[in-house]
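A short write-up of the structure that comes next.
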Amino acid sequence: MKKVFVIALLVIGLGLAAFAADKVTIRFWTGPPDEVVLGAFEYFREQNPDIDLVCEYIPVGNLREKVLLALTAGEPPDVLYDYIGRTSAWANGGFLEPLEDTLTEEDYEDYMPGMIELNSIGGHFVSYPLSITFRGYAVNRTLCEQAGVADLLPTEPGRNWTFETFMEVANAIKGLGIYPFGFFAKGASGDYYMLTYFQMFGASLYENGDYTKTTLNSEAGVRALQWMIDMVGQGYAPKGVAGLADDDYVAMKVRGQIGMSGWVDSLEQLELNFKNGIIDYVPDWYMVSLPHVEGIPGPPAYMAWSTAVVFKGQSAEKLAASKRFARFLGGEEFYKMRSTPNGLPQCKSYNIDHLSENGKFQTEWASVNGVGDLGYASPFYLEVRDLQYVALQEAFMGLKRPKEALNDFADAVAKLWE
């Protein structure tokens, strides 16, 4: 009997060992997650018992350097979750696995217009988009009510309005002693917000996916930059733009010193600011379409997002497991688990009942107008951002006229490709 029992234990032990051996280990790197995201990772483990998911959480500021060192050593993570502006560099370097074999025909139809293209590099879909934030335009409706112009804000589907009406609202806000706008040019962070003002005049950073040259120095771009400079001179925006960073702008907006914005805080954050005495009321921020001058089409939505990518150099078995996890991160289940009232979906079919009024409008705008191209897929994305803010600083400081500053910026971008 004892012999039978020992044999039984051996059989069970061998079975467990075989099960453990069958598990595929994948190494996953990302920034420090919250409890919700940790729960989502645990859910994936439960649903995929054949995968041993080993996570390493790295401060976001150190993530790019750590990945670079790992690539140099030939030991990158299997899966990485990081900002598109950084993961695109690994794709341009040829380090990422193509992922189009994981997409269905329905996926191509379901992603927001432009999203497939902006996550494709070298002819391959290389990153699942997720954690999307919208860079549209919002107006402090509370101030508009005080100024008697709330009825001028667009309410019909699409919330479209003319540039003339936009300026009428701006004049009313200025009459309250509040800056309608805020500009900044100290550092590349927040570049998408400054670019929305170029969009209002029909200018864009790139056209037709050609990253070898910028079109920001077009006639429309020069007109937009001159308008911004004029707005500062006429008291519609704070002075000292060249010395203001996006954090300075956000601080002014939080304190109620700016009436229009390229993004909005969550209601929870606004209520916390009120509770802490930072603001003396909870503003009603109302998202609208981007106003634009007559004669140009409605601009696409500028967005920022993170991505799930898979590195090359894995065995076929590990690669299949890594793709499964990356697909999970970029899918609807993970979106639902970590969704917030302003967390936008990457696909049109996702349920958005949980979104705020503004979130639903933003989703609608993106699904109709598409996603604007900020050059994430360019191998020189980070370098172009740095060149851009230098050009803006020179123009706002009066060192160069807008046309000269933007032409020099265009020349500098072209030189990156020489």
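For this structure, a couple of remarks:
- Principal-axis tilt of helix 402-415 within the chain, Cα atoms, nearest 10 degrees: 30
- Across region 388-397, coupling constants 3J(HN,Hα) worked out from phi with the 6.51/-1.76/1.60 Karplus curve, θ = phi - 60°, read 5, 6, 5, 4, 5, 4, 4, 6, 5, 7 Hz, and Gly and Pro carry x.
- Over the chain, the alpha carbon radius of gyration divided by the compact-protein estimate 2.2 N^0.38 Å works out to 1.12.
- The mean sequence separation of alpha-carbon pairs under 8 Å and at least six residues apart, normalised by the residue count of the chain, gives a relative contact order of 26 percent.
- Global form of region 318-384, assessed from the alpha-carbon gyration tensor, a/c cut-off 1.5: oblate
- Lys, Arg +1 and Asp, Glu -1 on Cβ, resulting dipole of region 17-148 about Cα centre, debye, nearest 20: 720
- Seen from Pro157, the other residues with C-beta closer than 12 Å to its C-beta sum to a net charge of 0, counting Lys and Arg as +1 and Asp and Glu as -1.
- Hull volume in cubic angstrom per residue (convex hull over the Cα atoms of region 369-418): 91
Bear in mind that the values in this text are calculations on the coordinates, not laboratory data. Predicted model, so just to flag it, every value in this text is computed and none were measured. All Cβ positions, even for glycine, are placed from backbone atoms using ideal geometry, and neighbour counts span all protein chains on display.
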